[in-house]
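Student: Let me begin by handing over the structure; questions about it come next.
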Amino acid sequence: MTRRGRGAAARRRRATRLKSVAVGGVLVLVLLMVFWSVVWPYVTGAVVLGGVAAAGWWLWRTNRLVRGRDRLWRQEEAVKAGHRTLAEVDTMTGTEFEDLVASLCRRDGCTDVRRVGGANDNGADVVGRLPDGRSVVIQCKRYTPTSTIASRELRDLLGAKVHFGADLAVFVTTTRFSRPSEKFALQHGILAVHRDHLGLWNNGASLLSLSEVNGQGQGDSRHRARWNRAYGK
């Protein structure tokens, strides 16, 4: 069969289908007119239900959009309200720093967040639950920028993780980690938030997003030299 013949056959089939649809439509209209006194309550009910369903869907969608925008606005306002320079953080007391870390956790959607730091804190300063439901234990150290976090402090945090039965251990500090302590953190699944990552967190990055750069960002020897010059060591 030639292309022209196939085209003509296809047009005839389309015309036949259109004719069948038109005939069916006419029959439906005739039946509605004949039996209108019987079917009109059902037709009216279907129209009303369709209208109610459409209105309900529109209200649900509008409410969802409004709530989504409200959550975004609240998150942006929380970032603005909690924004502090690291120089301001350096002037905080240890307790104030723990409160800051707890507030950043709440901003990120963590629940059941509470500060437990003190004389008998069992190696933890803040505990709570991540947005995905996992439990977290956090150790906070507001040290001078010229200090270095030693491995033993991360071992204490690892013990706190076992004590509290936490799924994730996080060490947050205003300084940097030694090479052995950084290695220890990576080996034992500890999220090590050093000064640069703390700056990112404070400026709006989520705590969980920092896990993607865990063990990075402390730089090479030139970076450490600039660090020492900046902080007076």
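Student: Keeping all protein chains in position, work out how much accessible area ASP112 exposes to a 1.4 Å probe, and write it in Å² to the nearest 10.
Tutor: So the heavy atoms of ASP112 present about 110 Å² to solvent.
Student: Separate question: Under a 1.4 angstrom probe, counting protein chains only, how are HIS197, HIS188 ranked by accessible area, largest first?
Tutor: Numbers: HIS197 10, HIS188 75 Å².
Ranking HIS197, HIS188 by accessible area, largest first, yields HIS188, HIS197.
Student: In segment 162-210, what percent of the accessible surface is made up of carbon and sulfur (1.4 Å probe, ligands and nucleic acids excluded)? Each step should come with its number before you reach the end.
Tutor: Values: 1030 of 1830 Å².
Of all accessible area on segment 162-210, carbon and sulfur atoms account for 56 percent.
Student: Same structure, new question: At a probe radius of 1.4 Å, what is the per-residue accessible area of HIS163, in Å² to the nearest 10?
Tutor: Ignoring ligands and nucleic acids, HIS163 comes out at about 110 Å².
Student: Moving to a separate point now. Could you state how much accessible area ARG64 has, in square angstrom rounded to the nearest 10, with a 1.4 Å probe and all protein chains kept in place?
Tutor: 150
Student: Can you compute the modelled spin-label distance between THR111 and ASN203, with each label point 7 Å from Cα toward Cβ, in nm?
Tutor: Label-label distance for THR111 and ASN203, simple model: 3.2 nm.
The values are calculated or read from the model by the stated rules, or taken from the named source; none is laboratory data. Just so you know, these numbers come straight off a predicted model, no measurement behind them. Neighbour counts are summed over all protein chains in view; Cβ atoms, including those assigned to glycine, are modelled from backbone coordinates with ideal geometry. Surface accessibility is based on the protein's heavy atoms, side chains included, excluding ligands, DNA and RNA. Shrake-Rupley method; radii C 1.70, N 1.55, O 1.52, S 1.80 Å.
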